[in-house]
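So the structure is just underneath, and the comments pick up after that.
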Amino acid sequence: MAEMSAPIRVMIVEDHALVRTGLRTALRAVGFEVVGEAADGISAEEVARRVEPAVAVVDLGLPGRDGIELVRRLSALGGGPQCVVLTTRTDDDSIMHAMEAGAFGYCSKSSAEDGLIDAVRAAARHGLYLDPEAAIVVRRRALKQREPMPSPLTGRETEILSAIAEGSGNSDIASDLHISLATVKTYVAEISRKLGATDRAHAAAIGVRRGFIA
């Protein structure tokens, strides 16, 4: 009999109690384990350190500390959670700043619930998820701000970065490209070094913004 995988451990950072309740119910309904909650951007970091979630669902309009700064701080934690932004903000700057801060997903609160579920699942495996509105913004900004310098990435590095942006984990990439997992990890580390990225999601966001990948 195949061993069942452990449920994804999720933390909710949202200042409205009713919204937190709704999120908790929706996440638990699909089998996620809600291990912590916070109502502001300052206590959220302490809670994350204590409960060690795999994914943090973060609102941007938080008291105490702005959600984008919180995403940046959580993303910098050793072994910290992957962040999925869930917000009413759909302006270009909020979306781009959140992705550059290290968010693995961006969902509007007006989007369908399935989008958030998909975003949490993608983030848990270190993949990216953008709802359609956010994806349009990222692509439009990439076209407007495409840098004239050539990409520093090799063809294989570009191929791997594209796969990361599409949500593939390292094991999936290794299988698809018929290379070892260790080789993929080496490529990812080199991609991050060349782009000055802090992690896989940050590298993918930089690659999209600079036009190195579509």
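Once the Cα-Cα distance is subtracted from the 0.36 nm per residue extended length, the Val30 to Glu113 segment shows a gain of 28.8 nm. Overall form of the stretch 99-214: oblate. Here a/c, set by the Cα gyration tensor axes a ≥ b ≥ c, is 1.5 or more, and a/b is not larger than b/c.
Think of each Lys and Arg Cβ as +1 and each Asp and Glu Cβ as -1; about the Cα centre, that makes the dipole of the chain roughly 440 debye. For the stretch 115-214, the set of trypsin sites (Lys or Arg not before Pro) satisfying both a DSSP loop assignment and a count of at most 13 other C-beta atoms within 10 Å is given as Arg146.
What translational diffusion coefficient, in µm²/s and rounded to a whole number, does the Stokes-Einstein relation yield for the stretch 145-209 at 25 °C and a viscosity of 0.890 mPa s, taking the hydrodynamic radius as the Kirkwood radius over Cα pairs? Rounded, D is 207 µm²/s. Helix content alone sets the calculated 222 nm mean residue ellipticity of the chain: runs of n ≥ 4 DSSP H residues at -39500 (n - 2.57) each, divided across all residues, give -15500 deg cm²/dmol. Projecting the Cα atoms of Ala38, Ala123, Leu27 onto the charge dipole of the chain, computed from C-beta unit charges around the Cα centre, puts Ala123 farthest toward the positive end.
Report the paramagnetic label zone for Thr154: residues of the stretch 170-214 whose backbone N is under 16 Å from a point 7 Å from Cα along the Cα-to-Cβ axis. Backbone N within reach: 174, 177-195. The calculated Kirkwood hydrodynamic radius for the chain is 17.4 Å, given to one decimal from all distinct C-alpha pairs. Over the Cα atoms of the stretch 5-61, the radius of gyration divided by the Kirkwood radius equals 0.95; this is the Rg/Rh ratio. Highest-first packing order for the peptide set 72-83, 22-33 is 72-83, 22-33, based on the mean count of other beta carbon atoms within 10 Å.
Values quoted throughout were computed directly from the atomic coordinates according to the rules given, and no laboratory measurement underlies them. Since the structure is predicted, the reported quantities are computational estimates derived from the model, not experimental observations. Don't worry about glycine lacking a Cβ; one is built from the backbone with ideal geometry, like all the others, and counts go over all protein chains shown.
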